[in-house]
Amino acid sequence: MSDGLDAIIIGAGFGGLCAAIKLKEAGFKRLLVLEKADRLGGTWRDNTYPGACCDVPSRLYSYSFALNPNWSRAYSGHAEIRQYMEDVAVRFGVRDRFRFNAEVERADWDGEAWTVTLKGGETLSAPVLVSGLGQLNRPSFAGIPGRENFKGDSWHSARWNHDVDLAGKTVGCIGAGASAIQYIPELVKTAGKVVVFQRTPNYVVPRLDKAMSPGRQALYAAFPFIDRAQRWLTWKLMDARFQAFKQGTKAAADFRKVAMDYLDATITDPVLKAKLTPDYPIGCKRILVSDDYYQALAQPNVELVTEDVKAITGAGVRTGDGAEHACDVLVFGTGFETTDFLAPLAIHGENGRSLDEAWKDGAEAYYGVTVAGFPNLFLLYGPNTNLGHNSIILMIEAQVGYMVEAMRVLKARGAKALKLKPDAQARFNTQLQHDLQDTAWAGSCSSWYKTASGKITNNWSGDTATYMKVMREPVLSDYEVA
């Protein structure tokens, strides 16, 4: 039995917020969004490190149905993005659907509804369960031993400690990925010394960020069609970039040249340049965008260490060459647990089967949204829906639209469950993995896009236009409507 709810949504990030808005608009107004933190925002609530901003243009990293003419920059910072989300929640009348400090521990399907159990034991039920947890929310420390031995302050980049004054201190930055290239330039401005521990160099392309003038903001506000046209053009240009992620293409070679030309133009020291030059196909690991990272590494108070990090000691970091690098503070830019998806939630579907068991060989879903054996469960930003070339907001909107159409089918037919057929999921994923073999992500480099066994569980195999087209409505022959 349900508690009179149409759906329970887990997570108050971009996915959960979009789901609440679009379900309400479709007439499913009895909604509850459960969020373990004290406010909405998702990754933009968690990541408050210095310099935190999006690497997708703000015009596109926002909902198509909620344009914002007042973005202050081409690439806006975390506080502005989170405020945009707050404003949208109020504007579309769903702010009262959110329940904060409500951590979900498990969810169980009883044949008619999902029973959600919160930390503390409270239970809630609804016929539909929506996961808006995303892929980048649980910090990873990359299995580095000895963290507990360090005598100074330390933290993961997604849990930044703003109370520590870094002026004049030696700050060790473990990891040089998408977050690190944003906060390292800021640390260089205040710290006495910054030691960057880089495991693998990344391809970096210029961001070309700029402030939005009051005149341009006024133009977008007065003529929304110009704003929308700019968004459409940005989308088309970025979608065309998917071809650069296919191995051996001219587009890939051209994109690599952009990155290498940028490295040549900003780093003149041949030793440093060699350390920053990738030896794998572009796109195999996440491509980074920055206007100031290389410039920061060239500063005299920065040391780039490329020896493997072996352990954390009481005084700093020990590397593979036996050297110990003394640090006052350590920042772990070591990424997130990306292949377990809904963990640590315990999700049990038909016959009590757990999602962990279903995904023991690597997470997979049907277009990243539904899973065989788990009726009325809809995933947002689920397996194989991440992108390397465009805005995830596009994918989320397509997934939410698909979910809304599926719920309309249930309502129209008076049915209780939409059950994905196992053969449909198998057929889809066989083709998906086949298509992914032509991409750079199938290369030999390690990345958060795939499991230890090499199965690509995070990325979509094509452009966003293709995804949005196939997600317009469910193919009901792939489901049992019961």
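The values are calculated or read from the model by the stated rules, or taken from the named source; none is laboratory data. All values derive from a computational prediction rather than experimental measurement. Reconstructed Cβ throughout: ideal geometry from the backbone, glycine too, with neighbour counts over all protein chains shown. Calculation scope for accessible area: heavy atoms of the full protein, side chains included, ligands and nucleic acids excluded. Shrake-Rupley method; radii C 1.70, N 1.55, O 1.52, S 1.80 Å.
So how much slack lies between Ala323 and Lys275, counting 0.36 nm per residue of separation and subtracting their Cα-Cα distance, in nm?
The Ala323-Lys275 span can extend by a further 15.5 nm.
If you take every DSSP beta bridge fully contained in the chain, what fraction is antiparallel? Give it as a percent rounded to 5.
The antiparallel proportion sits near 45 percent.
Per the helix-only calculation at 222 nm, which mean residue ellipticity applies to the chain, given -39500 (n - 2.57) for every DSSP H run of n ≥ 4 and division by its residues, nearest 500 deg cm²/dmol?
Computed ellipticity for the chain at 222 nm equals -9000 deg cm²/dmol.
How large is ³J(HN,Hα) for each residue in the range 85-98, as worked out from phi by the Karplus curve 6.51 cos²θ - 1.76 cosθ + 1.60 (θ = phi - 60°), to whole Hz, x for Gly and Pro?
These are the phi-based 3J(HN,Hα) values: 5, 4, 4, 5, 4, 6, 4, 9, x, 10, 4, 7, 8, 8 Hz.
Whenever you get a sec, compute what percent of the accessible area on the chain sits on carbon and sulfur atoms (1.4 Å probe).
50 percent
So which chymotrypsin sites (Phe, Trp or Tyr not before Pro) in the range 49-154 pass both tests, a DSSP loop state and at most 16 other Cβ atoms within 10 Å of the Cβ?
Sites meeting the loop and neighbour criteria: Phe65, Phe100, Phe141.
For Ser72 paired with Glu303, estimate the spin-label separation in nm (one decimal), with each label point 7 Å from Cα along the Cα-to-Cβ line.
If labels sit at Ser72 and Glu303, their model points lie 3.6 nm apart.
If amide H atoms are built 1.01 Å from N in the plane of the peptide, which residues on other chains or at least 5 residues away come under 5 Å of the amide H of Lys193?
Amide H to amide H, under 5 Å and 5 or more residues apart or across chains, Lys193 pairs with Lys169, Thr170, Val171.
From the backbone phi of the range 316-329, what are the Karplus-calculated ³J(HN,Hα) couplings (6.51 cos²θ - 1.76 cosθ + 1.60, θ = phi - 60°) in whole Hz, Gly and Pro given as x?
Values, residue by residue: x, 10, 9, 10, x, 8, x, 6, 10, 9, 6, 9, 8, 9 Hz.
Nearest 0.05, what FRET efficiency do Asp163 and Thr200 give at R0 = 45 Å with Cβ-Cβ as r?
In this case the efficiency is close to 0.90.
May I ask you to evaluate 6.51 cos²θ - 1.76 cosθ + 1.60, the Karplus curve with θ = phi - 60°, for each residue of the range 190-197 and list the ³J(HN,Hα) values in order in whole Hz, giving x for glycine and proline?
3J(HN,Hα) across the range 190-197, in whole Hz: 10, 6, x, 8, 10, 9, 9, 9.
In what sequence, highest mean first, do 181-194, 412-425 appear when ranked by Cβ atoms within 10 angstrom?
So the order, starting with the most tightly packed, is 181-194, 412-425.
Under 13 Å from the 7 Å Cα→Cβ point of Thr249, by amide nitrogen: which residues of the range 448-471?
It comes to 461-466, nothing else.
How far apart, in nm, are the 7 Å Cα→Cβ label points at Lys189 and Ala222?
3.3 nm
Sorted by average packing, counted as other Cβ atoms within 10 angstrom per residue and highest first, what order do 462-472, 401-411 take?
Those peptides, ordered most packed to least, come out 401-411, 462-472.
Which option, [x] 170; [y] 154; [z] 134, is the value of volume of the Cα convex hull per residue in Å³ that was calculated from these coordinates?
Entry [y].
Would you mind calculating the gained length between Ala415 and Gln83 on full extension (0.36 nm times residue separation, minus the Cα-Cα distance), in nm to one decimal?
Contour length minus Cα-Cα distance gives 115.6 nm.
Taking amide H positions as placed in the peptide plane 1.01 Å from N, state which residues far from Thr457 in sequence (5 or more) or on other chains have amide H under 5 Å from it.
When sequence neighbours closer than 5 places are left aside, the close amide H contacts are Lys450, Thr451.
Step through the table entries Lys189/Lys275; Lys151/Lys450; Lys210/Lys310; Lys275/Lys469; Lys36/Lys310; Lys169/Lys450, compare each Cα-Cα distance with 32 Å, and write down the pairs that go over it.
In this structure, Lys151/Lys450; Lys210/Lys310; Lys275/Lys469; Lys36/Lys310; Lys169/Lys450 exceed 32 Å between Cα atoms.
Describe numerically, in nm with one decimal, the distance between label points set 7 Å from Cα along Cα→Cβ at Leu208 and at Asp38.
4.2 nm
5 Å is the cut-off here: which amide hydrogens, built 1.01 Å from N in the peptide plane, fall below it relative to Lys310, excluding neighbours closer than 5 in sequence?
Arg318, Thr319, Gly320
Please give the per residue accessible area of the range 105-211, computed with a probe of 1.4 Å over protein heavy atoms only, in Å².
Here the per-residue accessible area is 41 Å².
To the nearest 10 degrees, how steep is helix 422-436 against the longest Cα principal axis of the chain, on a 0 to 90 scale?
Its long axis makes an angle of about 30 degrees.
Every cysteine in the chain with no other Cys Cβ under 4.7 Å from its Cβ, please list them in numeric order.
Cys18, Cys53, Cys54, Cys173, Cys327
Cα to Cα, under 15 Å, and not fewer than 8 places away if on the same chain: which aspartates and glutamates meet these conditions relative to Lys119?
Glu35, Asp38, Glu103, Glu105, Asp108
So, for the range 250-352, what is the accessible surface per residue at a probe of 1.4 Å, expressed in square angstrom?
Ligands and nucleic acids excluded, the result is 45 Å² per residue.
Which whole-angstrom value gives the distance between the alpha carbon centres of the range 302-317 and the range 261-301?
The range 302-317 and the range 261-301 have Cα centres separated by 20 Å.
Among all the lysines, which ones have a C-alpha under 17 Å from Lys22's C-alpha, if same-chain residues fewer than 8 places away are not counted?
Partners within reach: Lys411.
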